[in-house]
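First up is the structure itself, then whatever we jot down about it.
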Amino acid sequence: SDFDTVIHDGTVVTAHETVRADIGIRGGVIAAIAGRISGGARRIDAGGRLVMPGGIEGHCHIAQESSTGIMTADDYYSGSVSAAFGGNSCFIPFAAQHRGQTIADVVATYDGRAAANSVLDYSYHLIISDPSPAVLEELPGVFARGITSFKVFMTYDLMNIGDGGMLDILTVAKRHGALTMVHAENNDMVKWMNRRFVAAGMEEPKYHALSRPELAEEEAINRAVSLAKLVDAALFVVHVSTRGGAEIVRREKLAGTRLFAETCPQYLAFTRDDLNRPGMEGAKYICSPPLRDHATQDALWQHIRTGTFESVSSDHAPYRADASGKFVNGDDAPYPKIANGMPGIAMRLPWLFSEGVGKARITLPEFVRLSSANAARVFGLERKGAILPGYDADIAIWNPEERRRVTLADQHDNMDYTPFEGMDVTGWPELVMNNGRVVVEKGVLKARPGEGRFIARKPVDTGAMPGHRAVEFDIAAAYGREIAP
Ligand code: URP
Ligand code: ZN
Ligand code: ZN
Ligand code: ZN
């Protein structure tokens with residue numbers, strides 16, 4: 001019984017340990033893990049390298065129109081390619097409902113966009129902007145098809161569904177084991193601020209951040225958690241950007257609420273001062289929730305270190321700095337008319353590795369939990385997010401010593417800028433595998449469009465949800481006695 005591929009002499013990083021081990025892959029699946037494995041049609045030398053579960057990108061906008069109809073620059077080909085160059089083996093973009101659209105139509109639309117194009121395995125989170133009775137009736141069929149999570153908005157006029165709509169959605173989700181994700185910002189606070197700024201002629205990008213104050217996020221997170229608790233449903237708070245928001249998540253987790261959360265690299269790497277860049281450069285840093293300050297960065301890192309967040313996700317929302325994206329309303333548009341979002345699907349993991357592991361803020365196992373293991377458990381990707389026999393051979397081999405100065409070309413996306421341009425990072429993914437297929441190797445794309453599969457996800461077992469802990473497993477049973485712990 002030989003292997004298709006053997007990865008040898010690497011340091012395998014799991015959600016709990018680092019161990020020296022060889023990995024035997026057969027039929028796209030991890031078939032063996034042992035101290036020394038011979039044979040293999042292909043042998044990959046991972047000496048001096050880290051062998052980790054491929055990243056799972058749980059928050060990205062790919063081939064998706066914004067609520068006002070602006071299409072992202074990345075489709076399922078460029079988006080999956082960029083994700084792969086950034087160390088990911090799987091991603092879960094959004095399939096977004098526009099008001100009046102049936103869910104069947106939404107899913108068919110995104111199947112058409114994804115199936116022939118993705119180089120990585122993928123699933124969708126459904127965005128629901130119109131929870132009409134007919135739509136609520138459609139949802140169980142979508143869950144049965146393996147789309148077991150969805151995002152709702154408390155902000156944006158064309159997206160927010162109101163507290164009653166959220167209660168309806170949370171109730172259906174609870175009944176069927178689906179997970180509700182929420183973008184939490186108080187819409188009326190933001191609109192009220194916008195009106196005052198625009199009336200005063202304060203329209204430059206920097207006012208975007210001031211118009212979406214920390215209180216708007218904190219109030220909405222508190223409200224979203226209260227709604228979820230009312231109907232005893234699980235909730236995942238996306239892109240937490242504030243100390244106050246993180247503190248609510250922490251407090252509620254400690255109290256036993258089935259609550260999950262993520263933050264994003266942009267809230268750790270940049271501040272609202274970046275919106276002051278000259279000319280319209282600041283528009284490149286407009287995202288919602290907005291960038292905050294250095295004190296917030298320190299607080300968010302503390303929350304990452306201490307388990308408040310399941311994952312660090314990119315919220316890749318690629319709108320080019322031209323008339324197709326940011327400046328669809330002109331290159332001097334007032335900030336409320338500039339497309340929201342920052343790109344970063346290829347930088348999420350190199351940046352987190354460099355600033356997190358490289359600067360001793362997090363350990364290697366914590367990096368694995370934040371980049372893949374927790375997302376796999378929370379989002380119901382049964383055979384992903386761990387290097388274990390029987391799991392998909394979704395593996396990223398990292399050179400922890402490689403130093404890079406970030407360029408746009410390194411992103412391999414369809415954008416005309418990267419906010420990370422010129423930053424120095426140490427540690428880079430050299431080889432990325434999905435189901436045993438090499439997707440990226442030493443900076444070269446090896447995969448063809450359409451090789452990624454749609455992954456039907458499992459219902460979310462909220463009782464067994466990992467919370468702030470990572471999945472537990474018996475390391476000795478998993479790795480065999482020949483591996484010294
Ligand atoms: O500004 C952002 N994040 N745009 C993408 C849409 C969203 O709210 O996640
Ligand atoms: Zn070997
Ligand atoms: Zn959002
Ligand atoms: Zn988003």
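Here, each number is a calculation from the coordinates, and none is a lab measurement. If you're wondering where the values come from, they're calculated on a predicted model, not measured in any experiment. Note that we place each Cβ from the backbone using ideal geometry, even for glycine, and neighbour counts take in every protein chain shown.
Residues whose amide H comes within less than 5 Å of that of Asn117, counting only those at least five positions distant or on another chain, are Gly450 (H built at 1.01 Å from N in the peptide plane).
Per DSSP H run of n ≥ 4, the term is -39500 (n - 2.57); total these for the chain, divide by its residue number, and report the mean residue ellipticity at 222 nm rounded to 500 deg cm²/dmol. It would help to have the intermediate numbers written out before the result.
Numbers: 14 runs with 134 residues, N = 485.
For the chain, the value works out to -8000 deg cm²/dmol.
Residue-wise HN-Hα couplings along segment 296-313, as the Karplus relation 6.51 cos²θ - 1.76 cosθ + 1.60 with θ = phi - 60° gives them from phi, are 5, 4, 4, 5, 5, 4, 4, 5, 5, 4, 10, x, 5, 9, 5, 9, 10, 10 Hz; Gly and Pro carry x. Here the Karplus curve 6.51 cos²θ - 1.76 cosθ + 1.60, taken at θ = phi - 60°, turns the phi angles of segment 406-423 into couplings of 5, 10, 4, 4, 5, 6, 6, 9, 10, 8, 10, 7, 10, x, 8, 3, x, 6 Hz, with x standing for Gly and Pro. In loop segments of segment 141-243 as defined by DSSP, there are no GluC sites (Glu not before Pro) with at most 16 further C-beta atoms inside 10 Å of their C-beta.
If R0 is taken as 51 Å, the Cβ-Cβ distance between Arg251 and Arg448 corresponds to a FRET efficiency of 0.60. Counting only Cβ charges, +1 for Lys and Arg and -1 for Asp and Glu, the dipole size of segment 314-447 around its Cα centre is about 360 debye. Ile345 sits among other residues whose Cβ lies under 10 Å from its own Cβ, and their net charge, with Lys and Arg +1 and Asp and Glu -1, is -3.
Taking N as the number of residues in the chain, what value does Rg over Cα atoms divided by 2.2 N^0.38 Å take? Mind showing how you got there, number by number?
Values: Rg = 21.4 Å, N = 485, 2.2 N^0.38 = 23.1 Å.
So the Cα radius of gyration is 0.93 times the expected 2.2 N^0.38 Å.
Max-minus-min Cα coordinates of segment 58-202 on each principal axis give 48, 37, 25 Å, with the largest extent listed first.
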